[in-house]
Amino acid sequence: MSTLDPAILAMLKDPNSLIPTIVQDEATSEILMLAYSNKESLALTLESKNATYWSRSRNELWIKGATSGHVQVVHSISLDCDGDAILFRVHQTGVACHTGESTCFHKPLEFKFP
């Protein structure tokens, strides 16, 4: 089990909770997906540079691309100002979405602002 550096742990608002993690392509700045991290997945990501998340549906750690080959190599990690959200800037190999789309955000809403 990997452990998170105490200095990083201290920056997290609630290190025992799931942390929303926005994933952005480091070359294009396109938002690829939203996943969840916990302190163990964050420690593994920092250790390996391979994006590792907590799967809420499977209730287990999940290394992006372990089965699909569509890996995410993390180039930088930032915390938001409150320490309750993370931004991974990654190099994406293949597609980010399990549907085969390049990004999980491929369903635009049709509406007009007043």
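Things worth noting here:
- Each residue in region 60-81 was checked for being over 22 Å from Asp14 (Cβ atoms) and either in a loop (DSSP other than H, G, I, E, B) or without any contact (Cβ under 8 Å) to a residue 24 or more places away in the chain (or both), and 9 pass.
- Among residues of region 94-114 that are over 14 Å from Gly65 (Cβ atoms), those with a beta-carbon under 6 Å from a residue that is among the hydrophobic types (A, V, I, L, M, F, W, C) and not in a loop (DSSP other than H, G, I, E, B) at least six positions away or on a different chain give the pairs Thr103/Leu32; Cys104/Met33; Phe105/Ile31.
- Positions within region 47-59 being within 12 Å of the chain's Cα centre (by Cα) and either assigned to a strand (DSSP E or B) or under 17 Å from Ile19 (Cα atoms) (or both), in sequence order: Asn50, Ala51, Thr52, Tyr53, Trp54, Ser55
- Residue count, region 18-38 (criterion: touching a residue at least 24 places away in the same chain (Cβ under 8 Å) and part of a loop (DSSP other than H, G, I, E, B)): 4
Values in this text are rule-based calculations from the coordinates and carry no lab data. The model shown is predicted, which means the values in this text are computed figures rather than measured ones. All Cβ positions, even for glycine, are placed from backbone atoms using ideal geometry, and neighbour counts span all protein chains on display.
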